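A short worksheet on the structure shown next.
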Amino acid sequence: MTIFYFALIITLVLNLWTIINSIFLIPLQPSKKWKGNHKVSLLVPLRNEESQVEGLIASLKKITYPNLEILLLDDHSEDDTYSMLLDRIQGDERFSVYKGKDLPEGWNGKVHACHQLSKLAEGDFYLFLDADARVAPSVIERSLATMVQHDAAMLSGFPHYPNNHFLSHMLVPLQHMVVQLHLPLMVANFTKKPMFTAACGIFIIVEKNAYEDIGGHESVKNSLVEDVHLARLFKENGYKMILVNITSSVLSYMYDRPEETWEGFKKNTYTGLGRSMVLVIFLSIFYAVVFLLPVGLLVAGLIEANWLLVLPYLLTVTFKMWVDARTGHPLWLSLMIPVSVLLLIMMMISSMSVHIKGERYQWKGRSYE
């Protein structure tokens, strides 16, 4: 029973901490609270995104913000992305389409595309958006109102993920869980301590002058997790950055196929952990104890008809259900948390192994160290 009480205490603390911590995940303000008319440049890099173009443009055309320019950059796509962009914008004067320049040595592809877009932009605020994102019509007003309320120069958040295959269901929504479990949101959102921050490159809005002051995307030109590194630079330079719950206004069709999900996470996971083998080992053990040990107790409880042993597993389900309910994801995912965590551990190890073997990460026809 010692193991049972240990698991029970751990899972109780897990729930209590997450409920308290999630209070400090800032909600988007209502659009009516925004009274300004600053020009906003919405910037979208695209590489081999022909499957996303139609949905993206349809979503962007519904944006209600009046003083808006939308700049789209085709980053050497090998499919019909460019021609589809030209066709779908259909004379909407807010849109401009560009072809990207060759990738210089030492630059990450997406970072270079964002850098080029920023040099073309004329707005007072830059909204960097991924091609797989879809946004609510009022998302810009709500974001700007939230930035003003919190005196922030950068805002980011993790979107809602309407996944369409099993691996994506298991892994992608875990981003919300990891943030609310590991990041002390009160410190992240109400101080300028660089160590405590997170960001999601799918949706980032920045104040132009602050962005230029920190060196823009050029300052993180070789990063595979440029979103987080940008956020830290904002804080290091005295600017406030906030992480917001944007799930009611932004969704992302992040990966179309299971192979994309695996390769995408493999590219980013180990780098996101600071390429620390010690941290991978620690987190693997921590997740195994917190989320997989209760499964062993569940099995024992079912065999022995001792329903008390089921309680730690139910508490892990409750923890995940709380996160999923706040981020708009299906509640049945919480029942699968042991599977999700096991896949996450495997992903961390797989991502780390690429670096240990001296191999390169592959993504959209490009390779990265």
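The values are calculated or read from the model by the stated rules, or taken from the named source; none is laboratory data. Here the structure is a predicted model, which means the values were calculated and not measured. Note that each Cβ is placed from the backbone with ideal geometry, even for glycine, and that neighbours are counted across all protein chains shown. These accessible areas exclude ligands, DNA and RNA; they are computed on the full protein's heavy atoms, side chains included. Shrake-Rupley method; radii C 1.70, N 1.55, O 1.52, S 1.80 Å.
Data table
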item	result
Accessible area (Å², 1.4 Å probe, nearest 10) - Ile345	20
Efficiency of FRET from Cβ geometry, Lys101 and Phe166, R₀ 51 Å, rounded to 0.05	0.85
Radius of gyration and Dmax over the Cα atoms of the chain, both given in Å	21.1, 70
Amide proton proximity set for Arg47, modelled H, under 5 Å, gap of 5+	Asp75
Sulfur and carbon atoms: percent of accessible area, the chain [1.4 Å]	60
Thr269 accessible area, assembled protein chains, probe 1.4 Å, Å²	20
Accessible surface of Lys99 - all protein chains present, 1.4 Å probe, nearest 10 Å²	130
Separation of alpha-carbon centers, the stretch 242-315 and the stretch 1-34, rounded to whole Å	15
Charged-residue dipole, Cβ positions (Lys, Arg, Asp, Glu), the stretch 10-117 about Cα centre, Debye nearest 20	900
For the stretch 206-294, diffusion coefficient by Stokes-Einstein and Kirkwood Rh (Cα), 20 °C, 1.002 mPa s, µm²/s	134
Dipole of the stretch 120-242, positive end: most advanced residue of Thr197, Met186, Leu167 [Cβ charges, Cα centre]	Met186
Computed helical MRE - 222 nm, the chain, DSSP H runs ≥ 4 contributing -39500 (n - 2.57), nearest 500	-15000 deg cm²/dmol
Sparse-neighbourhood loop sites, GluC sites (Glu not before Pro) in the stretch 55-113 - DSSP loop, at most 13 other Cβ within 10 angstrom	Glu78, Glu93, Glu105
Sites Trp332 and Phe282 - FRET efficiency at Förster radius 30 Å, r taken between beta-carbons, to 0.05	0.50
Which of Asp92, Asp74, Asp102, Asp256 is most accessible, then next, and so on - probe 1.4 Å	Asp102, Asp256, Asp92, Asp74
Most mobile listed residue (Gly100, Gly296, Gly157) in the chain, GNM with C-alpha springs under 10 Å	Gly296
Nonlocal amide H pairs with Leu42, under 5 Å, H built at 1.01 Å	Glu69, Ile70, Leu71, Leu127
Efficiency of FRET between Asp92 and Ile3 - r from beta-carbon atoms, R0 45 angstrom, step 0.05	0.15
Where the chain is the region considered: accessible area per residue in Å², 1.4 Å probe	43
DSSP H segments from the chain that extend 27 Å or more along their own axis, Cα-based, with Kyte-Doolittle mean of 1.0 or above	2-22, 337-356
Estimated Rh, the stretch 5-60: Kirkwood, alpha-carbon pairs, angstrom	16.6
